[in-house]
Every structure is written in C-alpha cells, then in structure tokens.
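Visitor: Below is a structure I'd like to ask you about.
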Amino acid sequence: METSIPHQSSGHAGQAVHAIERGPGAPVPSTFIYSLGLGIGALLEQAAPLSLGRGPVSTFQALVGVGLVVLGIGLFFWSLQTFAAAKTGIMPVRSASCVVTAGPYRFSRNPMYVSFTAIYVGAALALSLPWAFVLLPGVFVAILGMVILREERYMQGQFGATYQEYCRRVPRWL
C-alpha cells in the first residue's frame, strides 16, 4: 500500500527534497479558528440565547455530541500518525516532503479539518450551543480562505502534477 508520494527531482528518484523550505504559512492556526467560532458561539448563547429556554441537554443529544467529539479526536490522531509515518511536515509552518495518500488521506485531502469540524459540531451539540451552528459557515469560510487555499497553492507549487492527480482522486472534505 502506498503511503506517500515523495517529490522527485532528476537524478534522485524516490528521494524527498524540499523545493520550498517553509510550509504554506497560514496566518493563524486552524485550531484557533475553530476554537474562536465555538467560543463566540458560547458567549452569544449566554448573551442572547437561541435555545429559547429548552431546558437541559437531552441524553441523546449529549451522547451524539460526545460521540462526534470522540470520533473527531480519533480521526485527528489517525491523521497525525499517518503524517508522522510519512515523515513529512505536520504543522503548516514546516515544509512537506511528500503528498500523503494513506490512512484518512485516501478519503479526504483534509481529514484534520474534518476532525476539527466533528469536534466542533459535537461540542456544540453536547453543550447546546445553537449559536455555534450559526457561526459554522463563517468558520468554514475562514478555514478555506486562511488555511486550506494556502495549503493547496503550496502543495501545487511543491508537487505539481503529483498533487493535481491526488486532487482529482480525493475530495477536499469527504
């Protein structure tokens, strides 16, 4: 099973090289964007509740929420482990040595952001934060504009046709 596709240069087939010594350089960490959305949602729920006094969170809602959080955490660690196994930069400030195509990267080009979304939605459900759902499209726009599109431009510049082929086979989200 193929785990990654290294960047290749003439005379060094199969050897990872760093054409760009730094990563895509997102202005803020993606975890900050998700945390900010959830935090603002919690503050807005305190200031102007959308829950309209429905009472406590139902057991079913709490279980679904906690389940999504656990699922998101599991996917996040699977994604990290897959990057570590490929020996490529995990943090956006580090350069990538290959296009990772194994593990969750077979199904999504951004499984870490899928995991953060699952955690966000699960926490919003478990804590009954309707405002967090109202803010979620803004979180997606921020993640796309400040993080994902930068990463995609970086990967395109770093790996060219190899990355384009990967993008044709694997969706951005799911």
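Visitor: What is the spin-label model distance, in nm, from Thr31 to Leu127 if the labels are put 7 Å beyond Cα along the C-beta direction?
Guide: Distance between label points: 1.6 nm.
Visitor: Still on this structure, please answer the following. Give the average over all directions of the projected area of the C-alpha convex hull of the chain, one decimal, in nm².
Guide: 10.7 nm²
Visitor: Check which residues have an amide H placed less than 5 Å from Val100's amide H, if you skip close sequence neighbours.
Guide: Ile5
Visitor: Sticking with this structure for a sec: Taking the Cα centre of the chain as the origin, how large is its charge dipole in debye, to the nearest 20, when only Lys and Arg (+1) and Asp and Glu (-1) carry charge on their Cβ atoms?
Guide: 160 debye
Visitor: Right, next: Tell me, what ³J(HN,Hα) does each residue in the range 128-134 have, in order and in whole Hz, if you take phi through Karplus 6.51 cos²θ - 1.76 cosθ + 1.60 with θ = phi - 60° and put x for Gly and Pro?
Guide: For the range 128-134, the Karplus curve yields 6, 10, x, 4, 4, 5, 4 Hz.
Visitor: Here's a follow-up. Assuming 0.36 nm per residue, please report the length gained on full extension of the stretch Leu174 to Leu63 beyond their Cα-Cα distance.
Guide: Residue separation times 0.36 nm, minus the Cα-Cα distance, leaves 37.6 nm.
Visitor: Label points 7 Å out from Cα along the Cβ direction at Ala84 and Phe107: separation in nm?
Guide: Here the modelled spin labels are 2.1 nm apart.
Values quoted throughout were computed directly from the atomic coordinates according to the rules given, and no laboratory measurement underlies them. Treat the numbers as computed from the prediction; the structure is a model and nothing was measured. Cβ coordinates were reconstructed from backbone atoms using ideal geometry, including for glycine residues, and neighbour counts include every protein chain displayed.
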